[in-house]
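The values are calculated or read from the model by the stated rules, or taken from the named source; none is laboratory data. Bear in mind that the values here come from a model prediction, so they are computed numbers and not experimental data. Quick reminder, even Gly has a Cβ in these numbers, built from the backbone with ideal geometry, and neighbours come from all protein chains shown. Surface areas here come from the heavy atoms of the whole protein model, side chains and all, with no ligands, DNA or RNA. Shrake-Rupley method; radii C 1.70, N 1.55, O 1.52, S 1.80 Å.
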Amino acid sequence: MVAHCLDRRLTGAMRQDVCVADWVVVMRFAVPADGVDSFHEEAREVARLLAGFDGCSGVDVARASDDAALWVIVARWESVGSYRKALSSYEVK
């Protein structure tokens, strides 16, 4: 798992002095061919659960285009505290 804080300035119609910070958590998985269906189903359920927590900006489940065995779940959070709170919930454990 990798977590990074992305700091970017809003531009265009948005105020340029407003800074938006997101914590991005990348969870990488190697899934054998015979486990793809069950993994995809479980990953979608995890994404649904995480997306329901306060502070979650979005969750994506993706498969590598060059290696069908590699998958990622990418979650974006308003703060590391929001992410930790979600992980400590009974539903996610």
**Asked** Which residue out of A86, A75 is surrounded by 14 or more Cβ atoms within 10 Å (Cβ to Cβ) and farther than 15 Å from R28 by Cα?
**Response** A86
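In the range 43-59, how many residues are closer than 14 Å to V24 by Cβ and open to solvent by less than 50 Å² (accessible area, probe 1.4 Å)?
Within the range 43-59, the subset closer than 14 Å to V24 by Cβ is 50, 55-59.
Still in the list and also open to solvent by less than 50 Å² (accessible area, probe 1.4 Å): 50, 55-56, 58-59.
Looking only at that region, the number is 5.
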**Complete:** When the range 50-86 is checked residue by residue, the ones that are modelled with pLDDT of 95 or more and assigned to a helix (DSSP H, G or I) are L50, A51
**Prompt:** Name the pairs: first residue in the range 29-44 and under 10 Å from V61 (Cα atoms) and of a type in the set (V, I, T), second residue open to solvent by less than 70 Å² (accessible area, probe 1.4 Å) and not in a loop (DSSP other than H, G, I, E, B), Cβ to Cβ under 6 Å, at least 6 apart or on different chains?
**Reply:** none
**The one condition in (1) in contact (Cβ under 8 Å) with a residue 24 or more places away in the chain; (2) open to solvent by less than 40 Å² (accessible area, probe 1.4 Å); (3) not in a strand (DSSP E or B) that V25 fails to fulfil** = (3)
